[in-house]
Each structure stands twice: as structure tokens, then as C-alpha cells.
Amino acid sequence: MGNCGIVRRAKIGSLMERMSFSHFMRIERDDQAGSKHYIVHTVDPRFSMELTPDHEALDKVGKGVIKRLCLPNSWAGDYGQCAKLIGPAQDFFARSFNEPVPKAVSRRFVR
């Protein structure tokens, strides 16, 4: 499939898995210091990132600047799986400002 559209193939470990941006979710929190953006990977391996928009980018958002990365503790030390998803998480962050989300998707947790 390559990098066409939103869905692409990503190699995780020795298995080829189909990955789409639906595995990611962006959470924005407003506080006194400004807004904070969190990207959460919702399927295994689960992790979260805190990013801030890159104000030096042309669109003032860019792929974001990583402030914090939260990984689950692993006795096996298999952090490489999460490391391979950092780039796609930053791509999702950049696209989440450009593409409006349909109501059906935004209300998927409301029930």
C-alpha cells in the first residue's frame, strides 16, 4: 500500500500489521499556561506522548515537538515497538489539525 492516504503498512517486529490513524487519538487540554496536546496509541503497544506545536514550522504546527513520552513498563525491554510508532504518531498530530473528524467517529465513545 505504501504511504497513500491514511492507511499504511508498518513493520512491527517480524509481523506485518495494517496500521491506520484510527489507532491514535489526540487529546487537547487548556490550562493557564496554554493548551497541551496528547497523542495516545490505543492498541498494543499502548503509549502516550505530549507534544507542543512547532511554532517555527510553516503552518505553525508541524509534526510537533515531543515534550514527554510515556511507555508501559516492560520486563522484556521491548520498547522498540513503541519507538517505531513515534513517527506515525507525529504524522497523526500534524494531520489532526488539518482534517475534520466526522461526528460518527468523534462520538464513538459516547454511549
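Taking interchain pairs and intrachain pairs at least six residues apart, which have beta carbon atoms under 9 angstrom, with the first residue in the stretch 57-74 and within 12 Å of Arg46 (Cβ to Cβ) and open to solvent by 30 Å² or more (accessible area, probe 1.4 Å) and the second part of a strand (DSSP E or B) and of a type in the set (A, V, I, L, M, F, W, C)?
Cys70/Phe47; Cys70/Met49; Leu71/Phe47; Pro72/Phe47
Provide a single number: the residues in the stretch 37-56 that are open to solvent by less than 70 Å² (accessible area, probe 1.4 Å) and within 16 Å of Gln90 (Cβ to Cβ).
Result for the stretch 37-56: 13.
Quick test for you: out of Gly64, Gly80, Gly34, pick the one residue that is modelled with pLDDT under 90 and on the phi > 0 side of the Ramachandran plot.
Result of the check over Gly64, Gly80, Gly34: Gly34.
The values are calculated or read from the model by the stated rules, or taken from the named source; none is laboratory data. The shown structure was predicted, so the numbers you read here are calculated from the model rather than taken from an experiment. Heads up, the Cβs are rebuilt from the backbone with ideal geometry, glycines too, and the neighbour counts pull from every protein chain shown. The accessibility values were calculated without ligands, DNA or RNA, using every heavy atom of the protein model including side chains. Shrake-Rupley method; radii C 1.70, N 1.55, O 1.52, S 1.80 Å.
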